[in-house]
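The values are calculated or read from the model by the stated rules, or taken from the named source; none is laboratory data. Because the structure is predicted, anything quoted here is derived from the model rather than measured. Heads up, the Cβs are rebuilt from the backbone with ideal geometry, glycines too, and the neighbour counts pull from every protein chain shown.
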Amino acid sequence: MDSEDRRRQPISIRDSKWPVYLLIVVLSAATVVSAGYLYHQKQENQELASTNQALGASLIQLRSEIQAMREQINTPPTPVRAAAFETSTTREKQPAPAKARPVKTARAAQPAKPKDDPRFNQLQGQLTDQQKLLASTREDLEKARQDLGRTRDDLQTDISSTRGELSGSIARTHEELVALQRRGERNYYEFQLTKSKAFERVGPLRLSLRKADTKHKRFDMNMMVDDNQLEKKSVNLYETVWLNLADRPQPLELVVNSISKDHISGYLSEPKYKRSELQTAASVDARPAR
């Protein structure tokens, strides 16, 4: 058997198993770390929510006490009727004096001027402190949510990078793609897509760019795979998209290594030989020599 026939032989099952095991271990570890972090964030969010409820209840109680004190201070004092009744009774029993003394009622009729209550200022200060604490708690909660979102994105990027390393390597430039082509293991198709609803032929697929996010380095794409339309949304730069075809012994690999306004560029790789070609070559090699 010559070197070309040996190259066409399928790869041994035992030699191709260890990357799959390693990928499973890495994905399991990443899942455990992500679950632990999400559980920790969930507990912090619950504590912040309970703190917000307690602060809200305290705020309502303080407002009620302040309103009650305001009403109590602004209410004028009621005149004492007992003194007037006692004075009238005494006049009926005793004879009237020669000269009646004038009664000064002008000042008594005027309501007393409310004085500044130190408790009101104290409650006002406590209310201000509670509002500041509530605002600070809301900022901490929003920051925790943002950190959680960034952690999810970083974890997704790490998983994609690990998949790329296990599959061989990812070409980030045209020169790296040429180096991969020289290995002769897979067929590579470079492409450049502009935002459009129309599909363009790229190797065995048809692709259509629907959105290119230059700020977050993401894109949305529709593709036709075996007469089925698939949607891929929020795919990151350098993230590998794996596609399994019926007549391919290994999955197809799609990578985008450049994102600009309404435009992306990358490459698609597929196994060099189809499954049917490998089976034909194996049957030819298995025939007995005459």
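A few comments on the model shown:
- Pairing each residue of the range 198-223 that is assigned by TED's automatic domain parsing to the domain that holds residue 244 and farther than 10 Å from residue 259 by Cα with any residue that is surrounded by fewer than 18 Cβ atoms within 10 Å (Cβ to Cβ) and among the aromatic types (Phe, Trp, Tyr), provided the two are 6+ apart or on different chains, yields C-beta distances under 6 Å for 202/189; 203/189; 206/199; 208/199.
- Selection count, the range 213-236, where residues are in a strand (DSSP E or B), over 15 Å from residue 254 (Cβ atoms) and not polar (S, T, N, Q): 1
- Under the condition of being surrounded by fewer than 13 Cβ atoms within 10 Å (Cβ to Cβ) and closer than 17 Å to residue 151 by Cβ, the residues counted in the range 28-37 number 5.
- Filtering the range 226-246 to residues that are free of Cβ contacts under 8 Å to residues at least 40 places away in the same chain and under 17 Å from residue 188 (Cα atoms) leaves 241, 243, 244.
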